[in-house]
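Only one structure is covered here, and it is reproduced in the block below.
The values are calculated or read from the model by the stated rules, or taken from the named source; none is laboratory data. What you are looking at is a predicted structure, and each value in this text was computed from that prediction instead of being measured. So basically every Cβ, Gly included, is an ideal-geometry build from the backbone, and we count neighbours across all protein chains shown. Accessible surface is based on the protein model in full, side chains and every heavy atom, while ligands, DNA and RNA are left aside. Shrake-Rupley method; radii C 1.70, N 1.55, O 1.52, S 1.80 Å.
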Amino acid sequence: MDRRINMNKELLEAMEVLEKEKNISKETLLEAIENSLLTACKNHFGKADNVRVNINPDTCDFAVYMEKEVVETPEDDQLQISLVDAKMMNPKYEVGDTVQIPLDSKKFGRIATQNAKNVILQKIREEERSSLYKEYYMKEKDVMTGIVQRMLGKNVSINLGRVDAILNESEQVKGETFRPTERVKVYILEVKDTPKGPRISVSRTHPDLVKRLFESEVAEVRDGTVEIKAIAREAGSRSKIAVMSNDPNVDPVGACVGLNGSRVNSIVNELRGEKIDIINWDENPAYLIENALSPAKVICVVADEEEREAQVIVPDYQLSLAIGKEGQNARLAARLTGFKIDIKSETQAREMGLFEQMGLQYGDAPEDTYEEEIQEDYQDYDSEAGQEDADQQ
């Protein structure tokens with residue numbers, strides 16, 4: 001009896017450990033034990049349709065019994081019992097009653113016992129796999145911190161806690177290298193349920209990685225005060241994000257940049273030096289395009305919303321800055337706004353007669369004064385975030 005109590009106590013403790021470490025509920029384990037006993041009965045007796053199992057969830061005490069109908073002359077010994085035999089158990093039994101006959105599970109054969117054990121183990125594996133899948137499926141399209149495990153050819157295995165994820169070569173930033181045990185933030189692309197457990201694909205190049213990093217770093221973005229309306233990214237080189245504030249007292253760009261650039265710099269560090277331009281979102285596409293081309297200053301923008309095309313004129317000395325190195329600034333601005341952007345210098349625009357076509361009168365202000373104001377504004381931006389752009393140009 002003492003041995004039975006100890007075994008039940010050990011079983012209870014084992015279930016509590018599984019519930020805590022594997023996230024497998026106690027009820028599920030009890031159900032697995034019940035099914036294993038029914039399987040053992042079926043293997044031992046040939047059928048188990050009339051076998052019942054009672055398990056006390058608090059003590060793990062269990063009882064297995066077979067239900068038989070009382071009849072005068074039994075035709076199936078597995079399902080029926082004679083009235084004489086029933087009255088020997090209890091004189092109150094009559095024809096038509098149901099008798100519960102206790103079964104000794106210790107008498108089950110070795111094969112039946114082994115099969116029962118396999119049922120329990122299989123259920124534990126299934127539940128663990130299901131639990132892992134549900135846990136990480138909830139984190140799909142989110143950012144997690146992982147630990148680099150090893151290189152799998154050109155792919156990288158990254159441990160996310162309870163499972164390993166695969167960072168494919170196509171999702172790696174060009175030139176980025178990883179060392180074992182290094183901690184790295186990754187974007188959860190997809191979680192698939194497979195017979196061997198969840199298969200997780202992650203990314204370091206996805207634009208939403210930048211968005212999630214801002215959500216984790218900037219409280220105003222996290223609580224919805226500041227909203228990220230659009231992101232354009234060339235992973236490893238530069239990103240542009242357009243932000244707007246739902247609170248007139250909150251500057252969206254300032255909130256994302258942080259005091260002395262503390263917030264944006266922590267994200268830049270996580271992205272290993274990738275530059276980030278933060279601009280104000282505007283519902284007017286012309287103003288949005290003008291903002292998107294920063295740090296370059298713009299003379300005018302004419303946007304065709306139907307054709308999703310825009311004509312932009314910039315001062316001559318700003319043309320290379322507006323286009324950017326290898327066209328990157330213009331390319332990212334086009335992705336951010338969704339417009340095809342054609343950039344012309346002031347001289348080109350005059351030669352092509354674009355000012356007249358646009359119905360604009362340019363030159364009312366002295367040219368040197370206009371350029372002086374532009375240069376002053378550019379220098380203000382430069383001192384905060386755009387120095388490298390100016391150096392490149």
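Counting only helices (runs of 4 or more DSSP H) wholly contained in the range 308-393, the ones carrying 1 or more residues that are open to solvent by less than 60 Å² (accessible area, probe 1.4 Å), out of contact with any Gly (no Cβ under 9 Å at 6 or more places or on another chain) and modelled with pLDDT of 50 or more occupy 319-323, 328-337, 346-352, 354-357. Of all the listed residues (Ser216, Ser239, Ser266), the sole one being out of contact with any His (no Cβ under 9 Å at 6 or more places or on another chain), free of Cβ contacts under 8 Å to residues at least 60 places away in the same chain and not assigned by the TED database to the domain that holds Ser294 is Ser266.
Pairs linking a residue in the range 12-39 that is in the same structural domain as Asp61 (by the TED database) and outside any helix (DSSP H, G or I) to a residue that is of a type outside the set (D, E, K, R) and at pLDDT below 75, with Cβ atoms under 6 Å and 6 or more positions apart or on different chains, are Ile24/Leu18. Flag set for Met66, criterion: outside any helix (DSSP H, G or I) and either at pLDDT 80 or above or crowded, with 18+ Cβ neighbours inside 10 Å (or both).
When every residue of the range 218-237 is checked against the conditions, at least one turns out to be among the small types (Gly, Ala, Ser), over 22 Å from the mean Cα position of the chain (by Cα) and surrounded by 14 or more Cβ atoms within 10 Å (Cβ to Cβ).
Between a residue in the range 157-184 that is in contact (Cβ under 8 Å) with a residue 60 or more places away in the chain and any residue that is among the β-branched types (Val, Ile, Thr), which pairs come within a Cβ distance under 7 Å, given they are 6 or more apart or on different chains? If the second residue must be among the β-branched types (Val, Ile, Thr), the pairs left are Val173/Thr205. Taking the range 158-192 as the range and being assigned to a strand (DSSP E or B) and either modelled with pLDDT under 90 or surrounded by 17 or more Cβ atoms within 10 Å (Cβ to Cβ) (or both) as the test, the residues that pass are Ile158, Asp164, Ala165, Leu167, Val184, Lys185, Val186, Tyr187, Ile188, Leu189, Val191.
If the condition is being open to solvent by less than 60 Å² (accessible area, probe 1.4 Å) and in a loop (DSSP other than H, G, I, E, B), then the range 262-297 contributes Leu271, Gly273, Glu274, Asp282, Leu293, Ser294, Pro295, Ala296. Scanning the range 13-24 for residues that are within 27 Å of the chain's Cα centre (by Cα) and surrounded by 14 or more Cβ atoms within 10 Å (Cβ to Cβ) gives Leu18, Glu19, Lys22, Asn23, Ile24.
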